[in-house]
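Single-structure report; data block below.
The values are calculated or read from the model by the stated rules, or taken from the named source; none is laboratory data. Being a predicted model, the structure only gives us computed values, none of them experimental. Positions of Cβ are generated from backbone atoms using ideal geometry, with glycine treated the same way; all protein chains shown enter the neighbour counts. Just the protein is used for accessible areas: all its heavy atoms, side chains included, with ligands, DNA and RNA removed. Shrake-Rupley method; radii C 1.70, N 1.55, O 1.52, S 1.80 Å.
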Amino acid sequence: MVEGTLEYEAAIMNAAVVPSLFAVHLAAHHALLSKQRGSLRTRSLHSELVCNLSGSKHIAESLQRFGVTEASQHLLVAIFDARIGIEDQLMSLVQGECQHSKEALGSITDMGLLKKYFKCSDTELAMSSLEDIITCQMAARDL
């Protein structure tokens, strides 16, 4: 993918630090708005989606935390305007199996790492869920 061998673009995220599919939808919405306004902070719509998962405005830090590395065990792929056959092409690049279950995401999420990345205190967690805290931070980042 780094070599540019993928026919279609895709946002490939470390699924262990994705709090929910709602957070991915929120990040995608922000990416689409940025593209429409001509204010993308990254080179592509898909990398913008990965960066928008973070509560930080630091692009390199966001890509390191939410993108994939050699150590990533689980991947989440999001594609704008996906076409037939893209899943087979992506799977040819990945060792492992594909799951389409929303429930699988919740079982692999590293809550401790998310608490650290989003600096969630015990006081905040006593009042709200981790997912709510994270999505509020994501939504308020650009205000």
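Eigen-decomposition of the gyration tensor built on the alpha-carbon atoms of the range 11-140 gives equivalent ellipsoid semi-axes of 23, 19, 13 angstrom, largest listed first.
Which pairs, out of Lys35/Lys116; Lys57/Lys119; Lys35/Lys115; Lys35/Lys102, put more than 22 Å between their alpha-carbon atoms? Please list the in-between numbers first.
Values: Lys35/Lys116 30 Å; Lys57/Lys119 15 Å; Lys35/Lys115 29 Å; Lys35/Lys102 27 Å.
Exceeds cut-off: Lys35/Lys116; Lys35/Lys115; Lys35/Lys102.
Close amide H contacts of Gly67 (hydrogens built in the peptide plane, cut-off under 5 Å, sequence separation of 5 or more or a different chain): Asn14.
For the chain, the 222 nm mean residue ellipticity estimated from helices alone, with every DSSP H stretch of n ≥ 4 adding -39500 (n - 2.57) and the total spread over all residues, rounds to -13500 deg cm²/dmol.
Residues whose amide H lies under 5 Å from that of Leu75, counting only those 5 or more places away or on a different chain, are Ala15; hydrogens are built 1.01 Å from N in the peptide plane. Each residue of the range 102-109 is assigned a 3J(HN,Hα), and the resulting list reads 5, 5, 4, 4, x, 7, 10, 5 Hz, derived from the Karplus form 6.51 cos²θ - 1.76 cosθ + 1.60 (θ = phi - 60°), x at Gly and Pro.
When each of the peptides 83-91, 107-115, 46-54 is scored by how many other beta carbons lie within 10 Å of its residues on average, the order from highest to lowest is 46-54, 107-115, 83-91. Shown in residue order for the range 92-101 are the 3J(HN,Hα) couplings computed by the Karplus curve 6.51 cos²θ - 1.76 cosθ + 1.60 at θ = phi - 60°: 5, 9, 10, 8, x, 10, 9, 10, 10, 8 Hz (x for Gly and Pro).
Rolling a 1.4 Å probe over the heavy atoms of the protein chains gives the chain an accessible area of 63 Å² per residue.
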